């Protein structure tokens, strides 16, 4: 991950040549499909899409004072990673994604709780990622976040 860069443009420039096109294309896909209200930033060596503090002043429970993370796009050494926190919080959404992924990608889905690891850029399902990004509004995401992480 690129911790030494200060903004998204510098992040994209600093990527290895074999990652520039797929990450730029993923970023564009996310931007085109991102529901209203989320904002792009660079945090933790990743491109992030987050709930701004103006929309959710409580911020992230793990790091109070920081915006609530929703999506992140990263370039670790062995794969391209897309983190979608909604997959972690919505079992139906995760099942839908796994089913649809199997229909359009010839390799097995490599996914953690919220991390989709894509080792072969030729197999990135851009259209499916766009659909996934559209499926959760800012309001729904905040509601799921509060149900999942802020239980009393």
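The values are calculated or read from the model by the stated rules, or taken from the named source; none is laboratory data. None of these values were measured; they are calculated from a predicted model. Cβ coordinates were reconstructed from backbone atoms using ideal geometry, including for glycine residues, and neighbour counts include every protein chain displayed.
Residue by residue, here is whether (1) out of contact with any helix residue (DSSP H, G or I) (no Cβ under 6 Å at 6 or more places or on another chain); (2) closer than 18 Å to residue 119 by Cα holds:
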{"site": "20", "(1), (2)": "yes, yes"}
{"site": "43", "(1), (2)": "yes, no"}
{"site": "56", "(1), (2)": "no, no"}
{"site": "61", "(1), (2)": "no, no"}
{"site": "78", "(1), (2)": "yes, yes"}
{"site": "88", "(1), (2)": "yes, no"}
{"site": "91", "(1), (2)": "yes, no"}
{"site": "101", "(1), (2)": "yes, yes"}
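Against the list (1) surrounded by fewer than 16 Cβ atoms within 10 Å (Cβ to Cβ); (2) farther than 22 Å from residue 58 by Cα; (3) at pLDDT below 95, the condition residue 148 fails is (2).
Here residue 64 meets the list (1) at pLDDT below 95; (2) closer than 29 Å to residue 18 by Cβ; (3) surrounded by fewer than 20 Cβ atoms within 10 Å (Cβ to Cβ) almost entirely, failing just condition (2). Among the strands (runs of 3 or more DSSP E) confined to segment 1-99, the ones with at least 1 residues that are over 23 Å from residue 149 (Cα atoms) and touching a residue at least 60 places away in the same chain (Cβ under 8 Å) are located at 68-74, 80-84.
Residues in segment 140-152 that are outside any loop (DSSP other than H, G, I, E, B) and in contact (Cβ under 8 Å) with a residue 60 or more places away in the chain: 141, 142, 145, 148, 149. From the residues in segment 120-135 that are at pLDDT 95 or above and in contact with a strand residue (DSSP E or B) (Cβ under 8 Å, 6 or more places away or on another chain), which one is surrounded by the fewest Cβ atoms within 10 Å (Cβ to Cβ)? Restricting to residues being at pLDDT 95 or above and in contact with a strand residue (DSSP E or B) (Cβ under 8 Å, 6 or more places away or on another chain), the top hit is 124. Quick one: is residue 116 assigned to a helix (DSSP H, G or I) and under 18 Å from residue 49 (Cβ atoms)? Spelling it out, it is not the case that residue 116 is assigned to a helix (DSSP H, G or I) and under 18 Å from residue 49 (Cβ atoms).
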